[in-house]
Each structure stands twice: as structure tokens, then as C-alpha cells.
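Presented below is the structure to which this report refers.
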């Protein structure tokens, strides 16, 4: 009796495994064909490219910058939060502008992470 139950569980497991790992590419192909491609004008594409380039330049040049350099570049931050854990001091500054928000995280006074969020 125990062998029969064991075989039933193995068969059930194999069936579930085959169903889960089955190939459903036909359903995915149909879904991709039904989705309408988005069309953008060259002007919209150029605007998005410029915004992305500006955001990349700002975030790339921030890494390794000191807090004083960042404040000299963007002025006094609109939001500031500071946390200290043992010898590590983490400071988060945000600058809000017309084109978006720039957020920079400093660890012991040196920028380690930055993010630019474009305005909508």
C-alpha cells in the first residue's frame, strides 16, 4: 500500500513539473502580435534622448563628489536626512527643480549613490 501511495505522489509531482515547465510560446507569440507598437515622433524621441543624457551626466559626475561640492553645484538642498551608525554617517540630500529631482546619498561626506528623477 505504501508503494502505491509513493508512486501516486511521484506521478503527481512529475505531472505538475511538466505542466509548469511546458512550452507556452504560442500564447506569448499571440500576445506580442496583438499588442500595438507605440509610435513616437522624432521630436519626442529627441526630447527623451536629451533628458536621458542630462540625467546620466548628472548622476555620473556625482559619484565621489563631496557634500560641499554638491552644495556649490546645486545650492542648498531642499531635503536633508542624516543617520549615524558607529563610524558611518549617511546623509541624503534632495534638490527639486523644474526639470526633476536630484537625490544624492553621501557616506562619510563622499557621494556614493545618486539618482535623477525627471519631472512629469
For this session: Could you tell me which residue of segment 96-112 is surrounded by the most Cβ atoms within 10 Å (Cβ to Cβ), considering only residues that are in a loop (DSSP other than H, G, I, E, B) and touching a residue at least 40 places away in the same chain (Cβ under 8 Å)?
Result: 99
For this session: Evaluate the following for residue 93: is it modelled with pLDDT of 80 or more and assigned to a strand (DSSP E or B)?
Result: yes
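The values are calculated or read from the model by the stated rules, or taken from the named source; none is laboratory data. In this text, all values refer to a predicted model and were calculated from it rather than measured experimentally. All Cβ positions, glycine included, derive from the backbone under ideal geometry; neighbour counts span all protein chains shown.
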